[in-house]
């Protein structure tokens, strides 16, 4: 059951988000990602097979999902101030990362770093990972929030990414022995060739041409492709993570920390602040404004999309930072989203069920910790490193922590 909340005026109101559904949703998403990672690591699925799955997800399933939702989109329910807020937030972070990189990066790779780092900090994994989380939190309370995912995503794809690509083309032009001056034409072709951008444009045109409904003859076909996206995209995300952390070097560590900070901390704070500033009017004194502001913060925490690694590979620039950062930001986003959702919800909760819900949070965290500890201990035992220093001390610490975690689970259940 959903947790009840109070509005700022103190009167009873419905819940802002179904917080009790967040942990199962995170478990579902990251469980599928883990399955994909294991399949890739164990060579159950080869690199060429993974590439085929990625092509299906990005060129068939996701465009069909976007087309369907663009046609069915109800523009009457859209709070445009939210879209403007996210747009301003993304542009702000993009410009900040870009300018700082241009100022401190070495001249031989300045423009490529500025372009790819700015894309990294602003392009979120909206569909594969973001949509299931928003669906779990808001389906029963604010279902109209789901359509914002489809409206916000093109901001990066059609506005910010081309600027990043232009900087990469400038870097390539400076390094080429026979410079080409058709950068603008190349960018136009690259943007229009993106099936996601193309289907967003076609979907918006069809929205008005078809009267907000998909013809019956196409409905089942579109639904079949669109429904195949969720699990396949998460599984493919796990496959793309195999071996990426090996590319991380000590020299790229500082840049990686700053980029992840910009994506997972600066972006959500700027998104929330922009909604607080720009969402003025009928929502400014209502519980809906608070919920929209919280949603903007959670949207900002969504990790970087795997497509950024594809861009880096295409230009053969900054692969180490981008690929490693994509993996780390994805796994860091889970605890940040979980903790953030609770911190945003607690001030609006009735005090009576608060203790019970905090015990549930403690139990969920203990279960995740126990699984991680068992995995780590098993790896140490199977690799036979436990009888060497300093691994012997680490093993004892892990065993002690596992014992304390079990006690925590038992104390919550009793």
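The values are calculated or read from the model by the stated rules, or taken from the named source; none is laboratory data. Given the structure is predicted, the values throughout are model-derived calculations rather than measurements. Counting neighbours? That spans all protein chains shown, and the Cβs are built from the backbone with ideal geometry, glycine included.
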From 234, 218, 210, residue being within 30 Å of residue 37 (Cβ to Cβ) and surrounded by 12 or more Cβ atoms within 10 Å (Cβ to Cβ)
234
Residue 85: in contact (Cβ under 8 Å) with a residue 40 or more places away in the chain, in contact with a helix residue (DSSP H, G or I) (Cβ under 6 Å, 6 or more places away or on another chain), part of a helix (DSSP H, G or I) and surrounded by 13 or more Cβ atoms within 10 Å (Cβ to Cβ), yes or no?
yes
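Tell me, which residue of region 102-157 that is assigned to a helix (DSSP H, G or I) and in contact with a strand residue (DSSP E or B) (Cβ under 7 Å, 6 or more places away or on another chain) is modelled with the lowest pLDDT?
Here the residue is 130.
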If I ask for residues that are at pLDDT 85 or above and part of a helix (DSSP H, G or I), which ones from region 279-311 would you list?
292, 293, 294, 295, 296, 297, 298, 299, 300, 301, 308
Consider residue 280 against the criteria (1) within 22 Å of residue 111 (Cβ to Cβ); (2) surrounded by fewer than 21 Cβ atoms within 10 Å (Cβ to Cβ): it satisfies all of them except one. Which criterion is unmet?
(1)
Got a sec? Which of 253, 224 is out of contact with any helix residue (DSSP H, G or I) (no Cβ under 6 Å at 6 or more places or on another chain) and either closer than 25 Å to residue 25 by Cβ or part of a loop (DSSP other than H, G, I, E, B) (or both)?
224
Is it the case, given these coordinates, that residue 38 is surrounded by fewer than 19 Cβ atoms within 10 Å (Cβ to Cβ) and modelled with pLDDT of 75 or more?
yes
Touching a helix residue (DSSP H, G or I) at 6+ places or on another chain (Cβ under 8 Å) and over 28 Å from residue 323 (Cβ atoms) - does that describe any residue in region 110-129?
no
Against the definition (in contact with a helix residue (DSSP H, G or I) (Cβ under 8 Å, 6 or more places away or on another chain), under 16 Å from residue 302 (Cβ atoms), free of Cβ contacts under 8 Å to residues at least 24 places away in the same chain and surrounded by fewer than 23 Cβ atoms within 10 Å (Cβ to Cβ)), how does residue 146 come out, yes or no?
yes
Conditions first: (1) out of contact with any helix residue (DSSP H, G or I) (no Cβ under 7 Å at 6 or more places or on another chain); (2) surrounded by 14 or more Cβ atoms within 10 Å (Cβ to Cβ); (3) outside any helix (DSSP H, G or I). Residue 389 passes all but one, so which condition is the exception?
(2)
Within region 350-359, can one find any residue that is outside any helix (DSSP H, G or I), surrounded by 14 or more Cβ atoms within 10 Å (Cβ to Cβ) and at pLDDT below 85?
no
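Any idea which of 241, 326, 317 is assigned by TED's automatic domain parsing to the domain that holds residue 79, crowded, with 16+ Cβ neighbours inside 10 Å, more than 19 Å from residue 47 (Cβ to Cβ) and in contact (Cβ under 8 Å) with a residue 12 or more places away in the chain?
Only one candidate passes the filter, namely 317.
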Going residue by residue through region 209-226, is there one that turns out to be on the phi < 0 side of the Ramachandran plot, touching a residue at least 40 places away in the same chain (Cβ under 8 Å) and under 23 Å from the mean Cα position of the chain (by Cα)?
yes
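Quick one: in region 54-73, which of the residues that are assigned to a helix (DSSP H, G or I) and surrounded by fewer than 19 Cβ atoms within 10 Å (Cβ to Cβ) is farthest from the chain's Cα centre (by Cα)?
Taking region 54-73 as the starting set, the residues that turn out to be assigned to a helix (DSSP H, G or I) are 54-72.
Restricting the remaining residues to those that are surrounded by fewer than 19 Cβ atoms within 10 Å (Cβ to Cβ) gives 55-56, 59-60, 72.
Numbers: 55: 20, 56: 20, 59: 19, 60: 20, 72: 24 Å.
Looking at residues that are assigned to a helix (DSSP H, G or I) and surrounded by fewer than 19 Cβ atoms within 10 Å (Cβ to Cβ), I get 72.
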